[in-house]
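Okay, structure first, notes after.
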Number of protein chains: 4
Amino acid sequence: MGAEMPRLEGIFPPIPTPFDADGEIDLPALAGNLGWWSRFDLAGIVVLGSNGEAVLLDEAEKLGLVEAARAGTPEDRAVIVGTGLQSTRATIALTRAAADAGADFALVLPPSYYEGQMTDVALGRHFRTVADASPIPLVLYNVPACTGIDLSAELIVDLAGHGNIVGLKESSGDVVKLGRIRGEAGERIRLFAGSADFLLPALTVGAVGGVLALANVAPEACVEIHRRFAEGDVDGAREIQVRMIPANIAVTRRWGVPGLKAAMEMLGLRGGPVRPPLLPLGEEQRRALRSILIEARILDPEKEATVR
Amino acid sequence: MGAEMPRLEGIFPPIPTPFDADGEIDLPALAGNLGWWSRFDLAGIVVLGSNGEAVLLDEAEKLGLVEAARAGTPEDRAVIVGTGLQSTRATIALTRAAADAGADFALVLPPSYYEGQMTDVALGRHFRTVADASPIPLVLYNVPACTGIDLSAELIVDLAGHGNIVGLKESSGDVVKLGRIRGEAGERIRLFAGSADFLLPALTVGAVGGVLALANVAPEACVEIHRRFAEGDVDGAREIQVRMIPANIAVTRRWGVPGLKAAMEMLGLRGGPVRPPLLPLGEEQRRALRSILIEARILDPEKEATVR
Amino acid sequence: MGAEMPRLEGIFPPIPTPFDADGEIDLPALAGNLGWWSRFDLAGIVVLGSNGEAVLLDEAEKLGLVEAARAGTPEDRAVIVGTGLQSTRATIALTRAAADAGADFALVLPPSYYEGQMTDVALGRHFRTVADASPIPLVLYNVPACTGIDLSAELIVDLAGHGNIVGLKESSGDVVKLGRIRGEAGERIRLFAGSADFLLPALTVGAVGGVLALANVAPEACVEIHRRFAEGDVDGAREIQVRMIPANIAVTRRWGVPGLKAAMEMLGLRGGPVRPPLLPLGEEQRRALRSILIEARILDPEKEATVR
Amino acid sequence: MGAEMPRLEGIFPPIPTPFDADGEIDLPALAGNLGWWSRFDLAGIVVLGSNGEAVLLDEAEKLGLVEAARAGTPEDRAVIVGTGLQSTRATIALTRAAADAGADFALVLPPSYYEGQMTDVALGRHFRTVADASPIPLVLYNVPACTGIDLSAELIVDLAGHGNIVGLKESSGDVVKLGRIRGEAGERIRLFAGSADFLLPALTVGAVGGVLALANVAPEACVEIHRRFAEGDVDGAREIQVRMIPANIAVTRRWGVPGLKAAMEMLGLRGGPVRPPLLPLGEEQRRALRSILIEARILDPEKEATVR
């Protein structure tokens, strides 16, 4: 972290990890992708999130990615790094190592394996212990579709009082929860939509941006929703928001990371294969995805795979 | 229905059914409540919804309520009546009887007892059969918390093509679904937020109003969120929206109809007891509710129980 | 109820309601079915259960069915009648009317529409109020697949202390719950498996029989599992139990009442059409069902549709 | 693995990992525990299961535990080792390392982070790839409470055809599923109850034993249920089964690993602290646990903490 911390506000793509044909990390491909994202008015990037296949990487791979991501991202943009693991002590160790490797913020999901024991008390103690030990500020990461745990509004409001917990990525789509947190915690915690399909609704109840898989392939549209909303043009924002929903579903809950990587390849970005147990999209799925991207005006059939 | 159908747009309270001390319907109390609601800029009312304890009433009680509700509501405001039952033929019979009794629209929830068999095909056939047979237009009613069934976006878009299906009350809070329907069905179906805690987010993705339990006790605030949004004052709308969330939760998912009726009594409206198996609020719950209403500025402690 | 109450133990089919081509109740068909079931060592029947399409019948139809069922069932066999409705007072009224019409026991499911308010306290008060007012003993009916509510072991143990609550039909398949209730309530409440696919496991933890959709079409196999278990022949019981699972799934969670009625017709019993919103099985489903029944040795392809 | 593989049948405790006061693995404590378990007629042990806090250990710790467990367990008893991780390649690497360290069988849970993408096809490919690459046979591990994924009967039957997939630990309590698998896969896969509270019901539908947290503290009772069932004494087995349910719930779903470790300490075994985010039991919980253990006759208040 330099003298000035990059702003935690705006649109962040949670970037995929490109693999080569042997399934190993492809850093040159990453550098190319980062260069493309740098052209848009993004606030930064998230490395080692769900879309980064973080749970399929070993620790050395993770730290190498953080360094490369930091090196390939403009100084004034934030690099947020996913560091949540099942044990408190391993989470602290990875958070410190990520900070050393250049992370500005740590994105921390709740430990979930012992779900039945993960009461608000247990989760609260975990997050506070990590926040106390972390050299960089924490962004909470609520992603029930992956963890099976839905952080409660009460817990989040409570954690918002910790000086080193500064944000929340809320991927559940629960805008009522966002509104409650905003009402009770005010500006003490920065709220981010965790998926592009509810970005505009989230902004209306107090979110300051989004961490959006779709922003990897449609950065301009995502930024534009945010910009128009800020300018008071809700009708204009809605037109883009509604148009983006099918594309967002395609690269998130429907086809997941394999869908997102396939979309990147169609655009000329480098995704590469996914790591098993994830499976690549089949031919029919790829055709359906392509139609959806064209319909959303993310992919221009005239210029396919030439964005770079 | 007169020469001109009342507009299906704006804020509708789904009104509770007031009972007297013996547990029988109290029509004078209803008339008093209707008079109060008439003073606000509401678009109409919903009778025999979940908040009307419809499932706890017999058929004669239901039709008596519809007549009284129609009589006590200004001509130019819509009276929407809940008519969904488990069997298709019973739903048709009640819908016709409700129309005869003065209903402008029928609010129809999905049959849910045989949940495992209620595929989109089965539900689609049910709703179309009812719509074909109904003398009044249908508003679909999605309320998974009560039915255990969540109508899919695909089904709703498909049903939007039926000439006698004109609206959707969506109570799930799923704003992504609302956005998808708006994107795929356009203006062919009018979308309503089914709960006040996501009214503003719903409006941003295309809803034209709300059917809101909270509008029974806070009609002005609900109307104001809608009005400010329409005027482009999203910041002003958000302030009210965020302030209303705790009160809305109190009279919906937390304390349900007993909570709503207790709130009405605190304001000077007439709710009366709930019918078993519903239980009245205990003393401690009533105190908590009162604080929440005061905090939300719905109840003025200086003028308690004197709104009429 | 005569001087002596029929025994509450053994195998009960929850019988379907046969309809004629016009969708009206077909009492002669019912009489024929009852005659066939009388030939087997069944303990009685259940009328107006989930398989009886009770939620799709009106009150007059219901009481007519009870009378016909009682008339067509041997005196020493129990007629259990489903009487659970959403309101406490309507449940009491129907229970009394069913008793007058000849019911020996009332099978009462929990009110479920206001699921969020149906705490153990509310449910306990409902069941106790009904039990106090009922002239016949109650059998609790736990069927989360239809009601969305799973009665807790604590509540059931508590209700087992009421003198007029004598049994439980547990359809969830949760044998741990059955074991807990057996451990804590002992013989104060008679436990019944609510589906044939876990009859044998349920017997091992203390159930005294089953209320089994499959017993409509495979009474002998169901009775035999019970008999062999009682005689200590667990291996023999297991062979039948395992063989019955696919057939049971076919006529319950997979194809529901439409599947059960189709199976009855294949055997020569009279099911007739289902009432909408239920849909009849398609041709392909019927073929698959037929194979499953043959595989389970329920249907003999040589003698199809000639059981009577 | 020696010339003869230990039998995969009977009762296995999934052993906790004892930690010292600093939170580090306490191998002498483990050796003491293993010595105690050796006195009972157990079929072997499971290391690195859910109760072993496997997700809270690093790889070196894991392999050290396998070696110590193998060294402290009689030669003719199986050591089953949990090796399932999120990525296929990491699972293979750990399985191989565990085999080198002395594991007889690998217990493999499904990758679950990308739950939405974990179709039967994806999971089938994962398990087959691991089974192909593993030098030791695999036991599938279905534990939806931890993973959020419930392996389907169809998938398990399909995998039962792989020569190197030999068993299933089913922790869901779904005895219908066990019966279906038994009916369709016969003896091709050995079925184990994954929790003591449904051991007896599972045995009746074809299970050959159990992997039971409760067997850590009540090995004799668990073995006795199995033995009595095998001898045809179902009534005797039921008495123990029913008595064990509350104790089993206490050390599994209610208080989890912290509860199990507390129970071990009460008995004189060595559990030590749990690793955060798990929290130790509070004083009140410990008192309640103690009563439950005494009630189940697991703990003799006269001889407390002196079992060794």
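Each reported figure results from applying straightforward, stated rules to the coordinates on display, with no laboratory input. As the structure is a computational prediction, the values presented were derived from the model and not from experiment. All Cβ positions, even for glycine, are placed from backbone atoms using ideal geometry, and neighbour counts span all protein chains on display.
Computed from phi, the 3J(HN,Hα) profile of the stretch D:142-151 under the Karplus parametrisation 6.51, -1.76, 1.60 (θ = phi - 60°) reads 9, 9, x, 5, 9, 9, x, 10, 10, 4 Hz, with x in place of Gly and Pro. Inter-chain neighbour count for B:169-179: the average number of beta-carbon atoms from partner chains within 10 Å of each residue's beta-carbon is 5. In terms of the mean number of neighbouring beta-carbon atoms within 10 Å, the peptides D:161-170, B:277-286 order highest first as D:161-170, B:277-286.
To make sure I understand the rule: partners must be lysines, Cα under 23 Å from the Cα of A:Lys303, and not fewer than 8 residues away in the same chain. Which ones qualify? A:Lys303 reaches A:Lys261.
Once both labels are positioned 7 Å from their Cα atoms along Cα-to-Cβ, the gap between D:Asp300 and B:Glu154 label points is 6.3 nm. For a straight C-alpha distance cut-off of 16 angstrom, the lysines reachable from C:Lys169 (same-chain residues fewer than eight places away being disregarded) are C:Lys177. In this assembly of identical copies, the label point of C:Asp300 (Cα plus 7 Å along Cα-to-Cβ) is separated from its counterparts by 6.0, 7.5, 8.4 nm, sorted shortest first.
So what is the 222 nm mean residue ellipticity for chain D from helices alone, if each DSSP H run of at least 4 adds -39500 (n - 2.57) and you divide by all residues, rounding to the nearest 500 deg cm²/dmol? Roughly -13000 deg cm²/dmol at 222 nm, from the helical runs in chain D.
Quotient of the Cα radius of gyration of the stretch C:143-289 and 2.2 N^0.38 Å, N being its number of residues: 1.13. Take the Cα radius of gyration of the stretch D:1-83 and divide it by 2.2 N^0.38 Å, N being the number of residues; the result is 1.04.
Projecting 7 Å from Cα along the Cα-to-Cβ direction, the label point of B:Pro28 sits 5.7, 8.6, 8.9 nm from its equivalents in the other copies, listed shortest first. Note on the stretch B:74-154: Cα-Cα pairs beyond 16 Å make up 48% of the total pair count. Both numbers refer to the Cα atoms of chain D; Rg and Dmax are 18.1, 55 Å. For the segment A:241-249, counting C-beta atoms of other chains within 10 Å of every residue's C-beta and taking the mean gives 5. Here the label points at B:Asp58 and C:Glu231, each 7 Å from Cα along the C-beta direction, are separated by 5.2 nm in the simple model.
Take each residue of peptide D:199-206, count the partner chain Cβ atoms within 10 Å of its Cβ, and average: the result is 6.
Projecting 7 Å from Cα along the Cα-to-Cβ direction, the label point of D:Arg125 sits 3.7, 4.2, 5.6 nm from its equivalents in the other copies, listed shortest first.
In order along the stretch D:41-57, the Karplus-derived 3J(HN,Hα) couplings, from 6.51 cos²θ - 1.76 cosθ + 1.60 at θ = phi - 60°, round to 7, 7, 8, x, 9, 10, 10, 6, x, 4, 6, x, 6, 4, 5, 9, 10 Hz, and Gly and Pro are given as x. When peptides C:143-153, A:202-212, A:240-250 are ranked by their average number of other Cβ atoms within 10 Å per residue, the highest-first order is A:202-212, A:240-250, C:143-153. Global size of the protein assembly as shown: 31.2, 92 Å for Rg and Dmax (C-alpha atoms, Rg to one decimal, Dmax whole). Measuring from the axis that maps chain C onto chain D, the chain C residue with the nearest beta carbon and its rounded distance in angstrom come out as C:Pro201, 2. With +1 on each Lys and Arg Cβ and -1 on each Asp and Glu Cβ, how big is the dipole of chain A about its Cα centre, in debye rounded to the nearest 20? Approximately 260 debye in magnitude. Amide H contacts for D:Gly82 (H built 1.01 Å from N in the peptide plane; partners 5 or more residues away or on another chain; cut-off under 5 Å): D:Val47, D:Leu48, D:Gly49, D:Leu107.
Diffusion of the stretch C:169-214 by Stokes-Einstein, at 25 °C in a medium of 0.890 mPa s and with Rh set to the Kirkwood radius over alpha-carbon pairs, works out to 244 µm²/s. Counting only Cβ charges, +1 for Lys and Arg and -1 for Asp and Glu, the dipole size of the stretch C:112-239 around its Cα centre is about 300 debye. A protection proxy built from the mean count of other Cβ atoms within 10 Å ranks the segments A:95-105, A:65-75, most packed first, as A:95-105, A:65-75.
What is the spin-label model distance, in nm, from B:Asp100 to B:Glu284 if the labels are put 7 Å beyond Cα along the C-beta direction? Placing both labels 7 Å along Cα→Cβ, they lie 5.0 nm apart.
In a simple Cβ point-charge model (Lys, Arg +1; Asp, Glu -1; nothing else charged), the protein assembly as shown has a dipole of about 0 debye relative to its Cα centre.
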